Amino acid sequence: MRGRAIRRCHDFSHTPCGQPFLGVFEAVHYWYGNVAVGENLAWGQGSSGSARTMLSSWLASPEHRQILFRSDWRDLGLSVVKSGSLFGQSNVSVWVAQFGRHGAVGSVALP
């Protein structure tokens with residue numbers, strides 16, 4: 001959902017097209033009770049948009065790395081959206097990693 005909105009609106013953010021951040025989690029009925037959620041985004045062109053490159057970029061960023069290695073995550077959603085043209089580049093991949101845990105004290109983690 002988030003990757004498609006980024007592609008549709010050409011808005012690389014956690015709130016593309018003006019959608020609220022938690023809207024994605026609410027749409028899949030994840031946001032109920034005590035829950036914690038987090039999200040990492042990345043995009044790249046051609047081979048720079050590969051899974052290996054995206055994970056390497058998240059690991060090299062202290063904020064993204066902290067979200068990746070948060071010990072209480074229990075759920076993960078990972079998606080890639082391809083676009084022939086986006087952000088003035090061709091052959092673009094937009095990666096979205098979403099993390100969650102039910103039973104946690106409600107919190108949101110963004111880089």
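The values are calculated or read from the model by the stated rules, or taken from the named source; none is laboratory data. Note that the coordinates shown come from a computational prediction; the quantities given were computed from them, not determined experimentally. Using ideal geometry, Cβ is built from the backbone for each residue, glycine included, and neighbour counts are taken over all protein chains shown.
Taking the criterion of being among the small types (Gly, Ala, Ser), closer than 20 Å to Val35 by Cα and surrounded by 13 or more Cβ atoms within 10 Å (Cβ to Cβ), the residues of the range 76-103 that qualify are Gly77, Ala97, Gly100. Identify all residues within the range 59-75 that are exposed (fewer than 15 other Cβ atoms within 10 Å of the Cβ), assigned to a helix (DSSP H, G or I) and not charged (D, E, K, R); write none if there are none. Within the range 59-75, Leu59, Ala60, Pro62, Gln66 qualify. For the range 28-38, the criterion of being at positive phi, at pLDDT below 95 and either surrounded by fewer than 19 Cβ atoms within 10 Å (Cβ to Cβ) or among the charged types (D, E, K, R) (or both) is met by at least one residue. Summed over the range 54-81, residues that are within 12 Å of Arg101 (Cβ to Cβ) and not hydrophobic (A, V, I, L, M, F, W, C) total 5. Looking only at the range 8-25, decide whether some residue is at pLDDT below 95, outside any loop (DSSP other than H, G, I, E, B), surrounded by fewer than 17 Cβ atoms within 10 Å (Cβ to Cβ) and not β-branched (Val, Ile, Thr). Yes - at least one qualifying residue is present in the range 8-25. With the structure loaded, tell me whether Ser56 is of a type in the set (S, T, N, Q), out of contact with any helix residue (DSSP H, G or I) (no Cβ under 8 Å at 6 or more places or on another chain), surrounded by fewer than 16 Cβ atoms within 10 Å (Cβ to Cβ) and modelled with pLDDT under 95 or whether it fails that test. Taking the combined requirement at face value, the residue does not satisfy it. Among residues of the range 26-52 being free of Cβ contacts under 8 Å to residues at least 40 places away in the same chain and in a helix (DSSP H, G or I), the one that is farthest from Ser90 (Cα to Cα) is Glu26.
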